[in-house]
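The values are calculated or read from the model by the stated rules, or taken from the named source; none is laboratory data. Because the structure is a prediction, the values reported are computed rather than measured. In this analysis, Cβ positions are derived from the backbone assuming ideal geometry, glycine residues included, and neighbour counts consider all displayed protein chains.
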Amino acid sequence: MAAVQLRFLLISFFTSIVGEAQDVELIHYVDRRIVLIENRLNKCNQDIIDYVQEFREFSKKMMSRLEGFNILKTELKNDVDHLLTRVERAQRDIDYFEVTKESPTPCVEVDEDLVQQQFMEQEESKNKVKLMLNASCSNMISGIKSLKVVKKSGDAHGSWLKDPGKNYQKIYFLTGTKNKTVLEFANIRTFSESGEKRSARKVTLPFPWHGTGHAVYNGSLFYHRFGSLNEIIKFDLQKKNVIDKMLLPGAGETFVYDLHPSTKIDLAVDELGLWAIHVEPSAGRKLTISKINHEAMAVDYSWETSCKSQNAEAAFMMCGALYVVYNSPGGGTARIECIYDTLDAISPQEIPRIHFPKRQTSHSMIHYDPREKQLFAWDNGSQVIYKLLTNQKS
């Protein structure tokens with residue numbers, strides 16, 4: 001605008017000096033020069049706008065990378081802590097072998113007695129755990145009775161749950177493998193209706209979750225915190241705050257199921273309480289289950305099972321027994337091929353080969369509801385319920 005005004009002033013000035021009819025070429029020359037100045041000013045202005053936009057994009061990239069560095073820093077810290085623990089254990093083992101090597105022969109007999117004593121203590125501890133778990137829980141699965149597709153909603157992977165211990169009519173909907181928004185529905189009918197977000201209570205978590213292995217128990221959501229190696233968060237769904245948290249030893253270094261590499265800790269609930277299903281690097285890709293005291297947020301006992309994670313897509317707990325669901329890498333008919341009973345009440349001869357209803361499935365989660373004796377599953381974005389056939393353990 002200033003250039004235009006200048007242009008008119010100069011034109012008027014020269015016109016007044018030489019007259020309208022004289023030196024038209026000079027007036028045109030001045031006009032062209034002013035036009036060039038205007039173009040350069042416009043180009044300069046556009047360059048400044050482009051530079052500002054580039055700087056904003058660069059700033060966004062830097063902030064994103066800084067966030068990634070913070071996550072890597074947390075993971076590295078957890079890895080170092082875990083490595084230090086393993087180094088301390090290895091040092092104790094080295095010291096023990098050094099003492100054994102330098103000791104005279106009679107000490108070997110003492111060591112054998114010590115091993116026997118440790119074995120007896122382990123068996124005694126195992127028996128105490130069985131009593132603590134209440135061995136009266138005697139149901140086992142014999143087959144899948146029926147399949148019901150409740151609806152199709154959310155991402156291809158996610159989790160939907162009921163609370164068997166409290167507010168058991170409510171449905172909790174967690175879509176995606178990394179998110180921090182939980183939708184709470186009054187009951188399954190409300191959940192199955194269209195326009196579900198309008199009828200849902202939104203709960204925003206302070207930290208996003210990792211994977212699909214969440215659990216709801218006694219009014220609290222338990223989940224693996226995204227960005228951590230093995231931190232489990234206990235979140236009160238009504239008060240909307242973190243109650244407690246814990247680190248699950250040996251977990252978080254590898255995925256639990258080969259066919260769904262998004263979950264590193266799969267939490268489960270059955271008649272006996274809260275469990276964690278995970279893989280320890282030293283277990284040779286076999287699943288480990290840990291009984292968690294949900295009040296103290298501590299591990300009561302852990303079992304290294306015989307069930308492998310290869311071609312596994314999901315697992316769940318029922319009456320203290322682990323049921324592992326396998327499938328084909330390209331998707332197919334899901335089936336239960338491995339059962340590990342912590343109470344030793346299921347003999348190998350009793351273990352059935354259970355197939356899910358014929359359907360091209362790809363479960364990203366399967367959780368057992370001990371109150372209604374059925375399975376909640378997430379199948380390629382569909383929320384599914386499987387009703388079970390059960391019988392008594394031996």
Between a residue in region 357-382 that is hydroxyl-bearing (Ser, Thr, Tyr) and any residue that is part of a strand (DSSP E or B) and at pLDDT 90 or above, which pairs come within a Cβ distance under 6 Å, given they are 6 or more apart or on different chains? THR361/ASP379; SER364/TRP378; TYR368/ASP270; TYR368/PHE316; TYR368/MET318; TYR368/LEU375; SER382/VAL149; SER382/LYS152
Determine whether region 269-283 contains at least one residue that is buried (at least 22 other Cβ atoms within 10 Å of the Cβ), in contact (Cβ under 8 Å) with a residue 12 or more places away in the chain and over 29 Å from LYS170 (Cβ atoms). yes
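Would you call SER192 over 23 Å from ILE289 (Cα atoms) and polar (S, T, N, Q)? Walk me through how you get there before you give the answer.
Working: over 23 Å from ILE289 (Cα atoms): yes; polar (S, T, N, Q): yes.
When the stated conditions are applied, SER192 passes them.
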Take TYR223 and tell me if it is crowded, with 24+ Cβ neighbours inside 10 Å and either free of Cβ contacts under 8 Å to residues at least 24 places away in the same chain or aromatic (Phe, Trp, Tyr) (or both). yes
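Quick one: which strands (runs of 3 or more DSSP E) sit completely within region 200-314 and have at least 2 residues that are more than 27 Å from THR361 (Cβ to Cβ)? If you could, list the steps in order and put the result at the bottom.
On the way: elements: 201-204, 215-217, 220-224, 231-236, 241-247, 266-270, 273-279, 286-293, 298-308.
Fully inside region 200-314 and qualifying: 201-204, 231-236, 241-247, 286-293, 298-308.
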Filter region 334-351 down to the residues that are touching a strand residue (DSSP E or B) at 6+ places or on another chain (Cβ under 6 Å) and either aromatic (Phe, Trp, Tyr) or over 16 Å from TYR368 (Cβ atoms) (or both), then identify the one that is surrounded by the most Cβ atoms within 10 Å (Cβ to Cβ). TYR340
Exception for VAL256 within (1) modelled with pLDDT of 95 or more; (2) out of contact with any Lys or Arg (no Cβ under 9 Å at 6 or more places or on another chain) falls at (2)
Go through region 294-310 and report how many residues are touching a residue at least 40 places away in the same chain (Cβ under 8 Å) and over 16 Å from LEU248 (Cβ atoms). 2
Scan region 168-197 for residues that are modelled with pLDDT under 95 and among the small types (Gly, Ala, Ser) and jot them down. ALA186, SER192, SER194, GLY195
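Within region 241-250, does at least one residue satisfy the condition of being farther than 18 Å from THR74 by Cα and crowded, with 18+ Cβ neighbours inside 10 Å?
Restricting attention to region 241-250, the residues satisfying the condition of being farther than 18 Å from THR74 by Cα are 241-244.
Restricting the remaining residues to those that are crowded, with 18+ Cβ neighbours inside 10 Å gives none.
No, region 241-250 has no match at all.
For TYR301, are the conditions met, namely being in contact with a helix residue (DSSP H, G or I) (Cβ under 7 Å, 6 or more places away or on another chain), among the hydroxyl-bearing types (Ser, Thr, Tyr) and surrounded by 15 or more Cβ atoms within 10 Å (Cβ to Cβ)?
Values: in contact with a helix residue (DSSP H, G or I) (Cβ under 7 Å, 6 or more places away or on another chain): yes; among the hydroxyl-bearing types (Ser, Thr, Tyr): yes; surrounded by 15 or more Cβ atoms within 10 Å (Cβ to Cβ): yes.
Criteria met by TYR301.
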